[in-house]
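> Following this message is one structure expressed as structure tokens.
Just so it is clear, none of the values below were taken in a lab; they were calculated from the coordinates. From a predicted model like this one, the values you see are computed outputs, not experimental measurements. Neighbour counts are summed over all protein chains in view; Cβ atoms, including those assigned to glycine, are modelled from backbone coordinates with ideal geometry.
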Amino acid sequence: MNDDFKIIIPAVFDNDNFPNKAMADIHGKPMLQYVFESAQASA
């Protein structure tokens, strides 16, 4: 089995309602980190 797996996580950084939302701190981690960890755990 090949463990070389790539994903793309679309994230919007320039938003008028919530600027830099993907990097918003949630309990010490950026929101994008939670998405990455969830994707990694599902593999």
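Residues are listed down the side, and each one gets a yes or a no for (1) surrounded by 10 or more Cβ atoms within 10 Å (Cβ to Cβ); (2) among the acidic types (Asp, Glu); (3) at positive phi:
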{"residue": "Asp4", "(1), (2), (3)": "no, yes, no"}
{"residue": "Asn15", "(1), (2), (3)": "yes, no, no"}
{"residue": "His27", "(1), (2), (3)": "no, no, yes"}
{"residue": "Tyr34", "(1), (2), (3)": "yes, no, no"}
{"residue": "Glu37", "(1), (2), (3)": "yes, yes, no"}
{"residue": "Ser42", "(1), (2), (3)": "no, no, no"}
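> To continue, here is another question. Could you please tell me which pairs satisfy a Cβ distance under 9 Å, a separation of 6+ or placement on different chains, a first residue in region 9-29 that is under 22 Å from Ser42 (Cα atoms), and a second residue that is assigned to a strand (DSSP E or B)?
Taking only residues 6 or more apart or on different chains, the pairs are Ala22/Pro30; Met23/Pro30.
> Being assigned to a helix (DSSP H, G or I) and touching a helix residue (DSSP H, G or I) at 6+ places or on another chain (Cβ under 6 Å), is that true of even one residue in region 1-13?
No; the residues of region 1-13 include none that is assigned to a helix (DSSP H, G or I) and touching a helix residue (DSSP H, G or I) at 6+ places or on another chain (Cβ under 6 Å).
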